[in-house]
Structure formats: structure tokens, C-alpha cells
1. Enumerate the calculated ³J(HN,Hα) couplings along segment 50-55 in order (Karplus 6.51 cos²θ - 1.76 cosθ + 1.60, θ = phi - 60°), each rounded to whole Hz, writing x wherever the residue is Gly or Pro.
2. Can I get the semi-axes of the chain's equivalent ellipsoid? Compute them from the C-alpha gyration tensor as square roots of 5 times the eigenvalues, in angstrom, largest first.
3. Could you give the length gained on full extension between residue 311 and residue 282, defined as 0.36 nm per residue of separation minus the Cα-Cα distance, in nm?
4. Strictly greater than 15 Å: what percent of every Cα pair in segment 23-116 meets that?
5. Long-range amide H contacts for residue 244: which residues qualify at under 5 Å (H placed 1.01 Å from N, peptide plane, sequence gap of 5 or more or a different chain)?
6. So if we plug the beta-carbon distance of residue 130 and residue 300 into 1/(1 + (r/R0)^6) with R0 = 45 Å, what FRET efficiency do we get, rounded to 0.05?
7. At a 1.4 Å probe radius, carbon and sulfur cover how many percent of the accessible area of segment 50-103?
8. With a ≥ b ≥ c taken as the square roots of the eigenvalues of the C-alpha gyration tensor of segment 136-236, please select rounded if a/c is under 1.5 and otherwise prolate if a/b is larger than b/c or oblate if it is not?
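The values are calculated or read from the model by the stated rules, or taken from the named source; none is laboratory data. Fair warning: this is a prediction, and the values are worked out from it, not measured in the lab. Virtual Cβ from ideal backbone geometry, glycine too; neighbours counted across all protein chains shown. All accessible areas refer to the heavy atoms of the entire protein, side chains included, with ligands and DNA or RNA removed. Shrake-Rupley method; radii C 1.70, N 1.55, O 1.52, S 1.80 Å.
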Amino acid sequence: MKVVVSGYGVFIGVKNRMISIRTGEVEKQISAGNVEQIVIASSGVSVSSSLLRLASENNIDVIVLNSNGSMAGRFYPSIKRANVKVRKEQYKAQTDERGIFLAKCFVRGKIMNQYYLLKSLAKNRKQKLEECYELKRRAGNVEKCSSQEELIQEEAKAAEAYWKGISRFYDIDKRRKRYDNPDAFNMALNYGYSILMSHVMLAVDTTNLDPFAGFLHVENPRRPALVVDLMEEFRQPVVDRAVFKVSPEEKDGLLTKKSRREIIAEIYKRLEAKVTFNGRKLPIEYHIYLQARRIERFLLGKDRYSPFILR
């Protein structure tokens with residue numbers, strides 16, 4: 001169970017060994033044994049040291065989000081296991097065939113998820129889109145790429161076709177990032193991708209992988225490249241499908257609180273949705289954790305790796 005808390009004046013503490021969430025005179029108590037994660041999604045929330053101790057004792061993640069949906073910080077037990085061999089193999093793979101193989105998987109997974117989502121939208125509206133054929137072709141081109149640069153070019157061309165197709169169904173002119181003067185729809189996507197990155201970061205953190213040593217994206221001390229690599233497979237299955245269900249609004253260049261709450265709710269519905277991949281029907285969030293572990297096992301030569309694709 002995940003507990004998402006937001007709003008000014010909310011206090012999270014402990015009462016009779018139960019998690020206590022109090023807003024004014026209203027109090028809700030939850031058994032710590034039923035909670036896996038506490039997400040503090042806004043400013044104005046207070047947390048007691050007793051709650052942090054109880055969370056540590058029960059292996060509960062406590063996560064604080066920034067206003068843009070990215071993870072500001074995380075509280076977890078101080079002792080963490082480590083396997084140095086995994087990181088050694090990860091760094092070696094950045095310059096051998098394993099690295100380019102994984103990079104191809106991330107790009108192919110993203111493009112095929114774009115294809116299946118756009119195809120689904122077109123089918124529901126009884127339309128045939130040339131952009132679907134373009135995405136299928138771009139996915140086929142991935143195997144011909146021999147470098148990160150070529151893969152990123154294919155990814156960019158596929159994204160152009162995808163958003164062109166999406167614009168036929170939703171009010172979005174083109175994809176705009178945070179620094180690109182985005183409209184409300186793009187703000188919602190950016191907010192959702194930040195939330196997704198937080199969850200992928202948590203998944204990678206359960207492994208022995210270095211989150212900053214990626215295979216597709218350029219290393220940056222301010223951005224965990226491997227996390228960004230892996231989240232490519234889950235952008236459409238989690239965020240796009242969630243954002244397409246809301247009507248985001250902005251005020252003074254920021255999403256309204258109502259819109260943020262709606263986006264968070266829809267994203268958690270997607271993360272909890274059970275889908276079948278590799279013969280296992282599990283919540284998408286579990287698949288994210290499994291994919292991170294498969295990267296680890298692939299680098300050690302113990303498992304194969306295939307991209308998460310939701311048909």
C-alpha cells in the first residue's frame with residue numbers, strides 16, 4: 001500500500017505504533033505493516049522523528065517530491081548491501097557490445113510502446129495513421145544502429161512521428177520540455193515523467209547498479225543516466241496513458257494543485273495496473289523493479305534482457 005500525503009497543515013506521526021495522519025481535528029490511522037511507501041507530494045506537510053523510526057523498522061520508503069514531481073529526497077535504512085562486481089561489469093559494458101545491446105533495447109521498447117499506444121487510439125476512433133507505419137519502421141531501424149548517436153537520432157525521429165499522431169486526438173501542438181515554454185498538456189507530461197523517474201530511481205536503487213552510468217544517454221552529474229535509460233520503456237505505459245485521461249490546467253505558468261492531484265492519482269493507477277510481460281501478470285511498478293534486476297543479471301551473464309513492451 002502506498003500513502004500519498006499533500007496539503008498544508010498535515011502532520012504525519014505515530015500513535016500506538018500506528019501511522020497517524022492528522023489534518024486539524026481529523027485523524028486517520030494506518031497499520032505500518034500494510035504500508036510500503038509514504039509519498040509527501042507537497043510543501044506544508046510535517047513529519048515526526050517517531051514516524052521515521054517506525055518507517056525504518058518496517059522497511060517503508062518515505063519520499064519527498066518537488067513541486068515539479070521530481071524526487072527531492074528519500075529516507076531509508078542507512079545500511080545497504082553492495083556487490084562491487086556488478087558495477088565493474090556495468091562500467092566495462094559501457095564500452096563493449098553489451099552496452100549497445102541494452103541501449104537498443106531501451107530505444108526499441110520506447111518506440112514499440114509508442115506504436116501500440118498510437119495504434120490503440122487510432123483503432124478506437126476507426127482511423128488508420130501513417131505515423132503508426134513510421135514508428136514500426138523506426139523500430140526496425142534500431143537493429144541497424146551501431147552507436148548511441150545513431151540510436152538517439154532514431155528515437156528523436158520516432159518521437160516526432162508519435163507526437164504528430166497524438167496531436168490528431170489531443171490538444172498538443174508539439175512536445176515541449178520544461179525549458180521550452182510548455183502549455184498545460186506538456187506541463188502535465190513533464191510532471192508525470194518526473195514522478196516516473198522517481199519510481200525508476202527507487203527500482204535501480206534496490207540493485208547494485210550505478211544509477212549515473214548509463215548506456216544510451218550521456219552521463220551527467222545532475223542526471224542519473226541509467227535511470228533515464230530504463231524509464232524510456234515506461235513513458236507510454238505509465239505517464240502518457242495517465243495524462244491522456246485528465247484535462248490539465250495551468251495558472252501563472254504552473255499546473256494547478258487540482259491538476260497535480262489528478263495526475264498523481266492516474267499515474268498511481270497505472271503503476272498498480274496488472275499487465276502481462278515475460279509470462280508474468282504483475283503491477284507495472286513490479287515490472288519496473290524486475291527490469292532493473294534483469295539489467296543487473298544480464299551484466300553478470302546470468303539472464304537475458306528484453307525491453308518492456310505493452311501491447
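1. 5, 5, 5, 5, 4, 5
2. Three semi-axes, in Å: 33, 26, 16.
3. Once the chain is fully extended between residue 311 and residue 282, it gains 9.0 nm.
4. Of all Cα-Cα distances in segment 23-116, 76 percent exceed 15 Å.
5. When sequence neighbours closer than 5 places are left aside, there are no close amide H contacts.
6. Details: r = 43 Å, r/R0 = 0.95.
My answer for the efficiency is 0.55.
7. About 52 percent, which is the carbon plus sulfur part of the accessible surface.
8. oblate
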